[in-house]
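Asker: One structure is given below, represented as structure tokens, and several questions about it will come after.
The values are calculated or read from the model by the stated rules, or taken from the named source; none is laboratory data. All values reported here derive from a predicted model rather than from experimental measurement. Positions of Cβ are backbone-derived with ideal geometry, glycine not excepted, and every protein chain shown enters the neighbour counts.
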């Protein structure tokens, strides 16, 4: 049996399309809590504080939250946040690192809600200046720093 070039290309194309369309979707493997017909989904009434830094606790007040922590999927500016405690009217979540400014969303099963107002993310910056006190140029813990020496240098420069 002979195959023409067209038949070979057609067969190859069908094989590629089949393989690509059959890849596993990792999200599809996550079981969702079904929304019970007639039961309203979650609703965010307010959140506090209105702005915070990473690892701060954010309190979300509303209604129809799940009392099972893992069923409440919370995001801030579409960045997943860790739910610490959950009641039907209150969620406490940890602000994720680099969340940015944006809406807060709560998803339970197929039902999702978003805050009316945006959360304001406060970026934090850490500075490390050496190890022990003194004055010595260098990188990391080799550098030494003492405030009184800096003040003396600043006075000498003026």
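Asker: Could you check the range 31-52 and list, in sequence order, the residues that are modelled with pLDDT of 95 or more and surrounded by fewer than 16 Cβ atoms within 10 Å (Cβ to Cβ)?
Answerer: The answer is 43, 45, 46, 48, 49, 50, 51.
Asker: Considering (1) surrounded by fewer than 19 Cβ atoms within 10 Å (Cβ to Cβ); (2) more than 15 Å from residue 48 (Cα to Cα), say which one residue 108 fails and leave the rest.
Answerer: Result: residue 108 passes all but (1).
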